[in-house]
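**Student:** Below: one structure in structure tokens.
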Amino acid sequence: MNIQAIRSAALAIFSWLVLLGLGTAAQATELAEALAGPQHVLLMRHAYAPGYGDPSGYVLGRCETQRLLNDEGKAQALETGRWLQQQGVQQAEVHTSPWCRCQQTAERLGLGEPRTQSALGSFFDQPEQATPQNLALQRLIADRLRGKGSQALVLVTHDVNIRAFSGLTVHSGDMVLARVNALGQGLEFKVLKQP
């Protein structure tokens with residue numbers, strides 16, 4: 001093979017890689033662009049914490065009494081944070097449930113200092129609280145979308161909360177991109193599987 005043929009092949013490969021990269025970048029910015037606007041919020045179910053519900057007699061302020069992330073869940077939360085950053089979400093306004101597994105997840109995302117919000121707390125043990133808790137979540141979303149500027153709004157919560165808000169059931173570490181109205185009520189939902 002002569003030098004010209006090698007150069008042509010190298011140029012073709014380089015061009016293909018550039019085009020591939022541009023396609024990825026265009027896809028990658030779609031999520032970041034949506035979250036930079038005033039109508040989208042990202043809800044995330046906490047990363048993997050083995051078990052179901054919480055142990056009987058758990059105390060909200062004492063992590064050792066609750067179901068927590070294991071090593072797999074910690075790695076999952078870190079990987080999700082890296083994935084979000086690759087999508088162009090470099091920093092976010094992050095809010096979390098008072099439950100320790102949600103706080104552990106929010107901290108490992110690396111997108112900003114998480115703030116604890118009771119509106120994101122689980123009502124798993126009190127299903128009758130679904131409606132008032134969902135209304136509190138909607139108020140939180142509406143309030144924070146008005147004040148977040150161009151930052152992404154990321155809420156780390158529980159399956160029951162996401163299900164009450166969106167009608168969708170998600171697995172540990174999965175996310176839901178929600179388009180909402182001015183009252184924080186969901187209009188459209190897209191599930192983003194944990195990377």
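**Student:** Criterion first (charged (D, E, K, R), open to solvent by 50 Å² or more (accessible area, probe 1.4 Å) and under 21 Å from S122 (Cβ atoms)) does R146 satisfy it?
**Tutor:** No, not satisfied.
**Student:** Output the number of the condition that Q104 fails; it satisfies all remaining conditions of (1) more than 30 Å from G57 (Cα to Cα); (2) at pLDDT 95 or above; (3) under 16 Å from the mean Cα position of the chain (by Cα).
**Tutor:** (1)
**Student:** For the stretch 83-104, enumerate the residues that are under 11 Å from L155 (Cβ atoms) and not acidic (D, E).
**Tutor:** Matches in the stretch 83-104: A92, V94, H95, T96, S97, C102.
**Student:** Confirm whether Q103 is under 21 Å from E64 (Cβ atoms) and crowded, with 18+ Cβ neighbours inside 10 Å.
**Tutor:** When the stated conditions are applied, Q103 passes them.
**Student:** Is there a residue being open to solvent by 30 Å² or more (accessible area, probe 1.4 Å), more than 18 Å from V170 (Cβ to Cβ) and part of a loop (DSSP other than H, G, I, E, B) anywhere in the stretch 71-86?
**Tutor:** no
**Student:** Another question, then. I'd like to know if the stretch 173-186 contains one or more residues that are among the charged types (D, E, K, R) and surrounded by 18 or more Cβ atoms within 10 Å (Cβ to Cβ).
**Tutor:** Yes: one or more hits.
**Student:** Same structure, new question: From the list L135, L120, which residue is touching a strand residue (DSSP E or B) at 6+ places or on another chain (Cβ under 6 Å), within 13 Å of A164 (Cα to Cα) and surrounded by 12 or more Cβ atoms within 10 Å (Cβ to Cβ)?
**Tutor:** Of L135, L120, the one residue that is touching a strand residue (DSSP E or B) at 6+ places or on another chain (Cβ under 6 Å), within 13 Å of A164 (Cα to Cα) and surrounded by 12 or more Cβ atoms within 10 Å (Cβ to Cβ) is L120.
**Student:** Identify, by number, the condition in (1) more than 26 Å from G51 (Cβ to Cβ); (2) in contact with a His (Cβ under 6 Å, 6 or more places away or on another chain) that G147 doesn't meet.
**Tutor:** Checking G147 against (1) more than 26 Å from G51 (Cβ to Cβ); (2) in contact with a His (Cβ under 6 Å, 6 or more places away or on another chain), the one that fails is (2).
The values are calculated or read from the model by the stated rules, or taken from the named source; none is laboratory data. Just so it is clear, the model here is predicted, and its values are computed rather than measured. Positions of Cβ are generated from backbone atoms using ideal geometry, with glycine treated the same way; all protein chains shown enter the neighbour counts. The area values use the complete protein model at the heavy-atom level, side chains included, leaving out ligands, DNA and RNA. Shrake-Rupley method; radii C 1.70, N 1.55, O 1.52, S 1.80 Å.
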